[in-house]
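The values are calculated or read from the model by the stated rules, or taken from the named source; none is laboratory data. The structure displayed is predicted, hence computed values, not measured ones. Please note: Cβ atoms are built from the backbone with ideal geometry, for glycine as well, and neighbour counts cover all protein chains shown. Remember, those area values only see protein heavy atoms, side chains included, never the ligands or the DNA or RNA. Shrake-Rupley method; radii C 1.70, N 1.55, O 1.52, S 1.80 Å.
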Amino acid sequence: DVAPIYERYADLTTVEQADRLAATAAERPELTELWRFACEGYLGALTREQAERVANLEASLIAEIDGETIGFRELRPTIANEPDRERRARLEAARVELSEEHLLPLYLDAAEERREATTRLGAQTYRELYERFQFPLTRMEEQCRALLAATEDDYVDTLDDVFRARVGVGLEDAKRYDV
């Protein structure tokens, strides 16, 4: 259980500590990972309450589909195991409706809180913050784009074949619930 450890060292993940570590890491780059840990801990602590509320909601939400009551957390496995495409569509619609109505507002609040907190850490965006941690984001982006370009045609052809064989529709007509 890591919660007691985080509680014992909560002073490591304050915005003040993150600021001190940022200044120190500028002179001592080997401390950059500790600075990153402090920043991520600070951001995570700010949204812990929303994460708990999301978890509690996920555990309590239910959907009524075709006269059957299904818990929110059971919707994805039910969709994955449902052979009838039209029923999968109804299950997915219920999952999306519950998510948008109950969970999305919490996710949006948490994202806004993290965005505001990121500016308190001295960066306007997550990207800027991680660039300050010396993450090679531009190089990684170039590598990812190259990989996607090199594999896209094979991926599309293979996935189209899989959907046609297993679901009876091509990739162009496949929906999330067909996955």
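Below is a table of values for the structure above.
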read-out	value
Any chance A150 is of a type in the set (G, A, S), assigned to a helix (DSSP H, G or I) and within 18 Å of V179 (Cα to Cα)	no
Residue in region 130-137 that is exposed (fewer than 12 other Cβ atoms within 10 Å of the Cβ) and within 22 Å of the chain's Cα centre (by Cα) present	yes
Close pairs (6 angstrom Cβ cut-off, 6 or more residues apart or separate chains): within 15 Å of A80 (Cα to Cα) in region 163-179, of a type outside the set (A, V, I, L, M) and assigned to a helix (DSSP H, G or I) anywhere	V167/D178; A174/F163; Y177/R88; Y177/E92
Residue match in region 104-115 (condition: among the basic types (K, R) and under 20 Å from A45 (Cα atoms))	yes
Test: P77 is part of a loop (DSSP other than H, G, I, E, B) and under 19 Å from D178 (Cα atoms)	no
Candidates R95, R28, R53 - the one that is under 30 Å from E128 (Cα atoms), touching a residue at least 12 places away in the same chain (Cβ under 8 Å) and basic (K, R)	R53
Qualifying residues in region 139-154 (those that are aliphatic (A, V, I, L, M) and open to solvent by 100 Å² or more (accessible area, probe 1.4 Å)) - the one farthest from P83 (Cα to Cα)	L147
Long-range neighbours under 9 Å by Cβ, at least six apart or interchain, first residue within 18 Å of N56 (Cβ to Cβ) within region 100-125, second acidic (D, E) and open to solvent by 60 Å² or more (accessible area, probe 1.4 Å)	A110/E49
Test for G71: is it without any contact (Cβ under 8 Å) to a residue 24 or more places away in the chain, of a type in the set (G, A, S) and either in contact with an Asp or Glu (Cβ under 9 Å, 6 or more places away or on another chain) or surrounded by 15 or more Cβ atoms within 10 Å (Cβ to Cβ) (or both)	yes
Qualifying residue in region 137-150 (condition: among the charged types (D, E, K, R) and touching a residue at least 12 places away in the same chain (Cβ under 8 Å))	no
Qualifying residues in region 74-93 (those that are among the hydrophobic types (A, V, I, L, M, F, W, C) and open to solvent by 20 Å² or more (accessible area, probe 1.4 Å)) - the one modelled with the lowest pLDDT	A80
Qualifying positions in region 155-178 - surrounded by 14 or more Cβ atoms within 10 Å (Cβ to Cβ) and within 17 Å of A93 (Cβ to Cβ)	A174, Y177, D178
Residues located in region 94-105, provided they are of a type in the set (D, E, K, R) and crowded, with 16+ Cβ neighbours inside 10 Å	R95
When residues of region 1-59 are limited to those that are of a type in the set (V, I, T), open to solvent by 40 Å² or more (accessible area, probe 1.4 Å) and part of a loop (DSSP other than H, G, I, E, B), the one modelled with the lowest pLDDT	V2
